[in-house]
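Contents: one structure, followed by commentary.
The values are calculated or read from the model by the stated rules, or taken from the named source; none is laboratory data. The shown structure was predicted, so the numbers you read here are calculated from the model rather than taken from an experiment. Neighbour counts are summed over all protein chains in view; Cβ atoms, including those assigned to glycine, are modelled from backbone coordinates with ideal geometry.
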Amino acid sequence: MIHHSCGLFAVYGHPDASRLTYFGLYAQQHRGQESAGIVSLDENGHCHQHKGMGLVPDVFAEEHLQKLAGPIALGHVRYSTTGRPSIVNAQPLLIHYKDKNIAIAHNGNLVNALELRRELENDGAIFMATSDTEVIMHVFVRELAKHDVIDAIKATCNRLRGSYCLLFLVDDTLVAVRDPYGFHPLSLGRLDSAPVLASETCAFDLMDAEYEHGIRPGEMYVISPEGEMSLMLSDDLPEKPRQCIFELVYFARPDSYIFGEQVYQCRKQMGWQLAHESTPDVDFIMPFPDSGVYPAVGFAQSAEIPYEHAMIRNHYVGRTFIQPSQSMRSFGVRVKINPVRAMIEGKRICIVDDSIVRGTTMITRVKKLRELGAKEVHIRISCPPVKFPCYYGIDFASPKELIASGNSIEEIRKKLDVDSLHYLSKEGLLRSVMHEDHYCTACFDGDYPVDPCACAGKFGLES
């Protein structure tokens with residue numbers, strides 16, 4: 001039910017750059033299942049591109065990788081938080097400006113995208129797509145007419161408001177940039193001597209690349225034939241980052257390191273904290289796979305209650321939220337997870353899951369457990385109630401669609417038809433991470449680090 005924006009990957013100076021990028025995108029498929037694309041640069045300075053709608057292995061075949069020649073490549077997997085699902089919005093974006101090849105890949109969401117777009121259109125810009133990434137490209141080209149590459153990127157980013165992890169490829173210069181608040185992750189690794197960049201470190205593991213460090217909030221990491229260097233976008237950066245806590249709750253793969261945190265351990269710790277706050281008297285703890293597995297492990301260990309998999313996931317069914325209609329989403333709920341009937345009848349069950357957004361999926365699953373004869377059903381959620389929309393790259397529903405926005409905990413409990421319901425407190429959630437004052441919790445408390453009032457990033461179109 002929840003969309004993330006995108007996943008990024010790039011390789012510099014490796015003879016098999018495009019193939020490595022393919023595997024890097026494959027490892028990050030969870031970050032975007034709508035479209036995928038790769039741009040490469042060969043030894044003669046020529047750019048090659050292939051992109052399409054769908055999953056990475058559906059978009060790329062061997063023949064495509066053979067044509068993506070060269071030692072430099074960058075790739076992208078996408079969900080649309082800004083702009084319609086369309087091939088014109090698939091990334092990376094590639095243009096030829098004067099004598100330069102320019103490619104941009106973006107993860108995040110700008111709150112001033114519409115404002116910039118209108119300004120650019122008034123200045124004569126023509127747009128082919130509806131994504132905020134195209135807005136970034138137009139701003140960058142105008143700055144590049146006045147500055148060198150590095151200063152043009154600085155000037156561009158200083159006009160952007162919201163969240164962005166960006167990869168710029170300008171001829172043979174690759175630049176990775178993370179917004180000043182560091183909303184979403186971007187990391188540097190190395191395969192032999194070749195630098196690699198990825199949204200998540202799980203992409204490095206697939207190719208035996210060594211993780212070096214995360215790109216810092218507000219940092220520009222420049223890779224060129226002259227070498228590598230780190231610069232900051234500005235001397236006036238926020239005192240503390242505001243990294244997206246939902247990356248750790250839900251989005252990132254549990255085998256990744258992001259924001260300096262090991263995701264698996266964070267989720268287990270959320271389960272530990274949750275059990276300390278509220279443990280019901282039940283026969284066993286049960287996760288809703290796969291997202292609830294890791295906090296459920298921590299919960300069961302802390303509470304010393306048996307842990308069981310009484311729901312089995314069909315791994316060949318896609319996530320329910322990528323379906324295009326509500327009727328298909330409901331169908332997806334029914335076929336995605338199936339209960340082990342013998343485990344349910346007459347049992348007192350505690351379900352641990354990572355979040356409840358609209359509540360429709362949870363209602364369907366609880367109803368099935370009741371039909372199978374569960375004596376009691378208790379729910380524990382490893383994050384606070386999601387009450388507010390996100391403007392920084394996670395496509396939460398509008399407030400009226402968020403079950404916690406207009407309902408008390410008791411009202412939600414009744415809607416779900418469960419015997420008890422407890423959400424992890426914000427304090428408990430922040431105790432599960434190393435630097436509790438480094439995270440954005442706006443979806444829980446409405447405290448937005450960047451003013452979203454100007455946000456009209458969807459341009460009136462469906463995301």
Only one of (1) in contact with a helix residue (DSSP H, G or I) (Cβ under 8 Å, 6 or more places away or on another chain); (2) among the charged types (D, E, K, R); (3) outside any helix (DSSP H, G or I) does not apply to residue 143, and that is (3)
More than 24 Å from the chain's Cα centre (by Cα) and hydrophobic (A, V, I, L, M, F, W, C): does that describe residue 286?
yes
Scanning the range 337-364 residue by residue, the ones that are in contact (Cβ under 8 Å) with a residue 40 or more places away in the chain and not in a helix (DSSP H, G or I) total 14
Of those in the range 118-137 that are free of Cβ contacts under 8 Å to residues at least 12 places away in the same chain and assigned to a helix (DSSP H, G or I), the residue farthest from the chain's Cα centre (by Cα) is 122
The lone condition residue 43 fails out of (1) among the acidic types (Asp, Glu); (2) in a loop (DSSP other than H, G, I, E, B); (3) in contact (Cβ under 8 Å) with a residue 40 or more places away in the chain is (3)
Reported set for the range 257-278 where residues are free of Cβ contacts under 8 Å to residues at least 60 places away in the same chain and either among the β-branched types (Val, Ile, Thr) or within 16 Å of residue 186 (Cβ to Cβ) (or both) is 263
Considering only the range 132-140, I want to know if a residue exists there that is out of contact with any strand residue (DSSP E or B) (no Cβ under 9 Å at 6 or more places or on another chain), among the acidic types (Asp, Glu) and buried (at least 17 other Cβ atoms within 10 Å of the Cβ).
no
Restricted to the range 291-314 and to residues being out of contact with any strand residue (DSSP E or B) (no Cβ under 6 Å at 6 or more places or on another chain) and under 16 Å from residue 340 (Cβ atoms), the residue modelled with the lowest pLDDT is 314
Just one listed residue, out of 75, 52, 70, is outside any loop (DSSP other than H, G, I, E, B), surrounded by 18 or more Cβ atoms within 10 Å (Cβ to Cβ), assigned by TED's automatic domain parsing to the domain that holds residue 206 and small (Gly, Ala, Ser), and it is 75
Within the range 201-224, residues acidic (Asp, Glu) and in contact (Cβ under 8 Å) with a residue 24 or more places away in the chain come out as 205, 212, 219
Restricted to the range 249-269 and to residues being closer than 17 Å to residue 178 by Cβ and in contact with a helix residue (DSSP H, G or I) (Cβ under 8 Å, 6 or more places away or on another chain), the residue modelled with the lowest pLDDT is 251
Filtering the range 86-117 down to residues that are assigned to a loop (DSSP other than H, G, I, E, B) and either surrounded by fewer than 21 Cβ atoms within 10 Å (Cβ to Cβ) or of a type in the set (D, E, K, R) (or both) yields 86, 98, 99
- Can you find even one residue in the range 5-17 that is touching a Pro at 6+ places or on another chain (Cβ under 7 Å) and within 22 Å of residue 96 (Cβ to Cβ)? yes
Within the range 396-447, residues of a type in the set (S, T, N, Q), surrounded by 14 or more Cβ atoms within 10 Å (Cβ to Cβ) and without any contact (Cβ under 8 Å) to a residue 60 or more places away in the chain come out as 405, 407
Regarding the range 40-52, can at least one residue be identified that is of a type outside the set (D, E, K, R) and within 30 Å of residue 401 (Cβ to Cβ)?
no
Surrounded by 14 or more Cβ atoms within 10 Å (Cβ to Cβ), without any contact (Cβ under 8 Å) to a residue 60 or more places away in the chain and touching a Leu at 6+ places or on another chain (Cβ under 6 Å): is that true of residue 189 in this structure? no
Result of the Cβ filter at 6 Å on the range 142-153, keeping first residues that are within 12 Å of residue 222 (Cβ to Cβ) and partners that are at pLDDT 95 or above and surrounded by 12 or more Cβ atoms within 10 Å (Cβ to Cβ), at least 6 apart or interchain, is 149/170; 149/173; 153/168; 153/175
Picked from the range 315-348 (must be more than 25 Å from residue 283 (Cβ to Cβ) and small (Gly, Ala, Ser)), the residue modelled with the highest pLDDT is 332
Only one of 94, 110, 65, 116 is of a type outside the set (Phe, Trp, Tyr), in contact with a helix residue (DSSP H, G or I) (Cβ under 9 Å, 6 or more places away or on another chain) and farther than 26 Å from residue 449 by Cα, namely 65
Within the range 223-238, of all residues that are in a strand (DSSP E or B) and among the polar types (S, T, N, Q), the one farthest from residue 13 (Cα to Cα) is 230
When residue 252 is run through (1) of a type outside the set (Asp, Glu); (2) under 21 Å from residue 436 (Cα atoms); (3) in contact with a Leu (Cβ under 8 Å, 6 or more places away or on another chain); (4) crowded, with 19+ Cβ neighbours inside 10 Å, the failure sits at (3)
